[in-house]
Amino acid sequence: MQTFKEYRQIRERSVAIINEIAAHLRTLGGETKATSLEMTANTLAKNDFRIIFCGEFKRGKSTLINALLGQKSLPMKVAPCTGVITEVKYGQEPNIIVHPLKGEAFPGRIEDLRDYIAIQGNDAPEVSRVELFFPLELCQKGITLIDSPGLNEDWRRTQTSLTELNKADAVVMVLSCEMALSRSEMDFIESRLLHQKIGSFFVWNRYDAVWNDDQEIAALRERSQSRLEQHDGLVYYLSAREALVAQIRKDEARLLKSGLPSFVDSLEQFLTTKRSNIKLLAPLKEAQKAAQYGIHVLSPRAYTLQKSSLIELQNEEIALQPRLQALQQSRKDLQELIDESIEDILNDTIEALDHFISMLAQEVCVASEAVSLPQASNRQERQDFLTRWYHQWLRNALGKVAVDAFAPSIRQGFSELQDVLNIERTKFHNQIREILQIEIHLDTSPLLDSVWDDSIPQFVATAMALLIYGSSADTVSIHMLGLGALRAWIAGTAIDELEQIKFAQAMVDALKSKRAALIQEMRNHLEEHCTSMRNEIDNEMNELILDTKKQLDIAIAWQEVHTEPQEQIADALHNLKRLHTDLSELFDDV
Ligand SMILES: Nc1nc2c(ncn2[C@@H]2O[C@H](COP(=O)(O)OP(=O)(O)OP(=O)(O)O)[C@@H](O)[C@H]2O)c(=O)[nH]1
Ligand SMILES: [Mg+2]
């Protein structure tokens, strides 16, 4: 695929084929599978590209999107500014739709956008997101641009941006040429972007501030090469502010110099050549599996059923009842097994967290011996220095816990769960096979391959450590600032042993006071990761159970109205085979 137009054409063809397969499955009694397939087709039909612009505050995310729009629509300023997710989409007339935290969405004027998304004081407006419609060619191709609140400025808003990241097709991480990569930026890149299966673009913004200084440029490129280029992402140097001015003044040469056009070109190219395939592949695979299910499971059974007499079918219906109930029970049992495994994994990680807290006082005390005071600094600077040092230490220590303790237990837990699931699924399939009395291979399901990704344990572990840090850093500061020792130290010149102990204890107290909340965050995170797997397995089982019953109902209905079903079955089978071939051809195009 080379263009958005081609993507849309292939997508339309895919949607049509998927819907057609669903219709034939329905004829054969595959009602439940047909319905879920239609849902997949509906989602695919609307599946455009989402590009999220993220990065720490003030890096120029909003300015960059404004440069694309060619006008100052999104609020930008020197202080932290964007507080609410803003989605820029295509519309013939510029306008906005506001989605408040509570209540119905309502339309608004683009001039009032600031009121709905800008941070006022410390608080963001009570808005969950805003859609901004604009006659932008890029969006007309089916691209949504997402402006996000700056990372690490406020924990809640950071969470919002991270959630959005999971739904994106590409992420543009905006950095500043004028600032070295911060520790938290590197953390974000390593913990979030490296594990994402989406495209990463790194934009060194504010290039205008250095572009006349060869030495600065050389240093910047060196920095970029050593820290970023080992990752898969593409790196760009540009000036969003220059691009915005050039767009407003319609100055082509200035726009070209800003670096914006080549960045946009490569973004478009990535979406059409790489990302579009990924978006199509999963639904096409699902459709292919469904067609096989129709060909190998539903249609042979439909043939067998229609040969039986009405009495035979009614007897089978009676016999089926308890067997289906047993299957529903195995489905429930399996869900319980998954829940138990999550609980086991969680208990292991809680143990690791508690161990960390128990060792914390001693370890931080030893480390803090190396703290040396900034010379000639005022009270505020000393205080900032100290809290920063302890935060940094906590972040690093948690990073180590993630690698050494969380990741191994999560890996172990997942691998045990995987074994249990494989056994239970085979058992379930055997039960179904017995009921259907057809020699078929039900295990064409790609279920586990798609869910069990080796990088998940590491990803979950790192994210957990970041969650713990994010939720406890403020409390650590508060506990430390409450200390008489800190006040004394700020006035004095050195940090002595007694103070080191007090600071360490303050850190331990802070973490202990947050323990319950931290565990809840860890649980939520783990569950979030397991939910899709749990649902996928449950849906598969549910579809098989319900369709087994539905086929019988249909066979009885056929008998009752004395229709000749062979032709319908033959027709559905023939079409499913044809569509299966069509799908294989589509795969080649993708
Ligand atoms: N010199 C220069 N300044 C820029 C550039 N891009 C943005 N700025 C300035 O940087 C400041 C912050 O820009 P924003 O676009 O609000 O930054 P942001 O990343 O959206 O910030 P938050 O929404 O707070 O996270 C503004 O004063 C911009 O004018 C650039 O390319 N060059
Ligand atoms: Mg902004």
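Read the figures in this text as sums done on the coordinates, not as results from a lab. This is a predicted model, so every value here is computed, not measured. Heads up, the Cβs are rebuilt from the backbone with ideal geometry, glycines too, and the neighbour counts pull from every protein chain shown.
Quick one: in the chain, what % of C-alpha pairs are over 37 Å apart? Could you put the intermediate results ahead of the total?
Details: 83499 of 173755 pairs.
Percentage above 37 Å: 48.
By a straight-distance test (C-alpha under 17 Å), which lysines pair with Lys250 as possible cross-link partners, with residues fewer than eight away in the same chain excluded?
Filter leaves Lys72.
Just add up the charged neighbours of Ser358: K/R +1, D/E -1, any other residue whose Cβ is under 11 Å from the Cβ of Ser358.
-2
Over 30 Å between C-alpha atoms is what I'm after, so list which of Lys58/Lys512; Lys58/Lys257; Lys46/Lys274; Lys61/Lys514; Lys77/Lys167 land there.
Details: Lys58/Lys512 34 Å; Lys58/Lys257 22 Å; Lys46/Lys274 18 Å; Lys61/Lys514 33 Å; Lys77/Lys167 27 Å.
Beyond 30 Å: Lys58/Lys512; Lys61/Lys514.
Please report, in whole Å, how far the alpha carbons of region 195-344 spread along each principal axis, starting with the longest.
89, 42, 26
For a quick protection proxy, order the peptides 359-366, 11-18, 104-111, 347-354 by their average other-Cβ count within 10 Å, most packed first. Show your work: numbers first, answer last.
Details: 359-366: 15.6, 11-18: 19.5, 104-111: 11.5, 347-354: 17.8.
For the peptides 359-366, 11-18, 104-111, 347-354, the packing ranking is 11-18, 347-354, 359-366, 104-111.
Hey, got the dipole for region 49-258? About the Cα centre, +1 on K and R Cβ, -1 on D and E Cβ, debye to the nearest 20?
Once rounded to the nearest 20, the dipole reads 160 debye.
May I ask you to evaluate 6.51 cos²θ - 1.76 cosθ + 1.60, the Karplus curve with θ = phi - 60°, for each residue of region 301-318 and list the ³J(HN,Hα) values in order in whole Hz, giving x for glycine and proline?
The phi angles translate into 5, 4, 4, 4, 4, 6, 7, 6, 7, 4, 4, 4, 5, 5, 5, 5, 4, 5 Hz.
Among Leu69, Leu256, which comes first, second and so on when ranked by fewest other beta-carbon atoms within 10 Å? If you can, show how the numbers build up before the last one.
Numbers: Leu69 21, Leu256 13.
Fewest-to-most ranking of Leu69, Leu256: Leu256, Leu69.
Could you go through region 571-580 in sequence order and give the Karplus-derived ³J(HN,Hα) for each residue, using 6.51 cos²θ - 1.76 cosθ + 1.60 with θ = phi - 60°, rounded to whole Hz, and x for Gly and Pro?
Working through the residues one at a time gives 5, 4, 4, 4, 5, 4, 5, 4, 5, 4 Hz.
Leu320: net charge of surrounding residues, Cβ under 13 Å, Lys/Arg +1, Asp/Glu -1, itself excluded?
-2
What size of dipole, in debye to the nearest 20, comes out for the chain about its Cα centre when the only charges are +1 on Lys and Arg C-beta atoms and -1 on Asp and Glu C-beta atoms?
I would put it at about 1480 debye.
Can you give me the convex hull volume of the Cα atoms of region 49-258, divided per residue and expressed in Å³?
121 Å³
For Arg388 and Gln9, calculate 0.36 nm times their separation in residues minus their Cα-Cα distance, and state this gained length in nm to one decimal.
Working it through step by step, the gained length comes to 131.1 nm.
Using the basic label-point model (7 angstrom from Cα toward the beta carbon), what is the Leu481 to Ser262 distance in nanometres?
Once both label points are built, they end up 4.6 nm from each other.
Could you give each residue of region 275-285 its phi-based ³J(HN,Hα) in whole Hz, using Karplus coefficients 6.51, -1.76, 1.60 with θ = phi - 60°, and x for Gly or Pro?
Values per residue, Gly and Pro as x: 5, 4, 4, 4, 5, 7, 4, 4, x, 5, 5 Hz.
What's the exposure ranking of Val508, Val371, Val476, going from fewest to most Cβ atoms within 10 Å?
Ordered from fewest to most neighbouring Cβ atoms within 10 Å, Val508, Val371, Val476 come out as Val371, Val508, Val476.
Gap in Å between the Cα centre of region 315-369 and the Cα centre of region 71-108?
Here the answer is 40 Å between Cα centres.
Between Tyr90 and residues 5 or more places away or on another chain, which pairs have amide H atoms under 5 Å apart, with H built 1.01 Å from N, and which residues are they?
Phe134
Expected output is a single nm value to one decimal: the length gained when fully extending between Ala218 and Asp339, i.e. 0.36 nm times separation in residues minus the C-alpha distance. What is it?
38.2 nm
How big is the C-alpha Rg of region 1-110 next to the rule-of-thumb value 2.2 N^0.38 Å, as a ratio? Before the final figure, lay out each step's value.
On the way: Rg = 20.1 Å, N = 110, 2.2 N^0.38 = 13.1 Å.
With N residues counted in region 1-110, Rg over 2.2 N^0.38 Å equals 1.53.
In terms of modelled amide H atoms, which long-range or inter-chain residues lie less than 5 Å from the amide H of Lys58?
Cys81
Glu416: net charge of surrounding residues, Cβ under 12 Å, Lys/Arg +1, Asp/Glu -1, itself excluded? Present the calculation step by step, with values, prior to reporting the outcome.
On the way: positive: Arg411; negative: Glu340, Asp344, Asp348, Asp419.
Net charge around Glu416: -3.
Given a Förster distance of 35 angstrom, what is the FRET efficiency for Glu434 paired with Thr581, based on the Cβ-Cβ distance and rounded to 0.05?
So, using R0 = 35 Å, E works out to roughly 0.65.
Which peptide among 214-226, 43-55 comes first, and what is the full order, when sorted by highest mean count of other Cβ atoms within 10 Å?
43-55, 214-226
Tell me the label-point distance for the pair Leu101, Gln120, using the 7 Å Cα-to-Cβ offset, in nm and rounded to one decimal.
1.4 nm
Amide H neighbours of Val235 under 5 Å, at least 5 residues apart or on other chains, H built in the peptide plane: list them.
Sorted by chain and number, the residues that satisfy this are Phe202.
So if I take the centroid of the Cα atoms in region 377-427 and the same for region 501-520, what is the distance between those two points in Å?
16 Å
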